[in-house]
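A short worksheet on the structure shown next.
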Amino acid sequence: LSSILSGHEPPRKSQHVAIEMSGLNNAQRFGKQIPFAEPAWYQGFWSPYYTDSHRAYRAKVRAFVDERILPIVDKCIAAKSYPRELHKAAFEAGVTSILYPEAYGGTREKHDYFHELILWDESARSMGGGVMGQSAIDSMAVPPLLAHAREDVKREVVPGVVRGNDDD
């Protein structure tokens, strides 16, 4: 109907294929290419929201999950516990620092919310919520401290959470 009203012909079938394929050729594919197994931008579809920074971060988080979490996830689930040093390892790998401001040891100002979506999406692949679940809890518990705590309390509590240190 719109093509009749506008006086333009709709694209032919061959034009649709060319448009779709041009979008796929310009984007990097990542992960399993099973339909709906990964987000659309992992499947090769272009997105204005995901840049080289997001692709690099995605690879970093996926490597961390593959190397540090997946090998121990079944053991952690059975034990109903996880190695607490995983928090420090995630910080040192640059995985969790995106959640917190630079003033307290994080790197949030260099990242956007799409980086955080990548963190949770890749972490969920482990199917062991508790293994990275504390990071999710920390990401909800720290913002009220940042918004309402006295500066001395922020300086005492937040950097240790950000770095994953038990002793801070």
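The values are calculated or read from the model by the stated rules, or taken from the named source; none is laboratory data. Just so it is clear, the structure is predicted and the values come from calculations on it, not from any experiment. Don't worry about glycine lacking a Cβ; one is built from the backbone with ideal geometry, like all the others, and counts go over all protein chains shown. To get the accessible areas, we keep the full protein, side chains included, count just its heavy atoms, and leave off ligands, DNA and RNA. Shrake-Rupley method; radii C 1.70, N 1.55, O 1.52, S 1.80 Å.
For the range 131-150, does any single residue satisfy the condition of being surrounded by fewer than 19 Cβ atoms within 10 Å (Cβ to Cβ), of a type in the set (Lys, Arg) and in contact (Cβ under 8 Å) with a residue 24 or more places away in the chain?
No, because not a single residue in the range 131-150 is surrounded by fewer than 19 Cβ atoms within 10 Å (Cβ to Cβ), of a type in the set (Lys, Arg) and in contact (Cβ under 8 Å) with a residue 24 or more places away in the chain.
What is the residue count in the range 96-128 for residues that are open to solvent by less than 10 Å² (accessible area, probe 1.4 Å), of a type in the set (D, E, K, R) and over 18 Å from GLY31 (Cα atoms)?
Going through the range 96-128 one residue at a time, the tally reaches 0.
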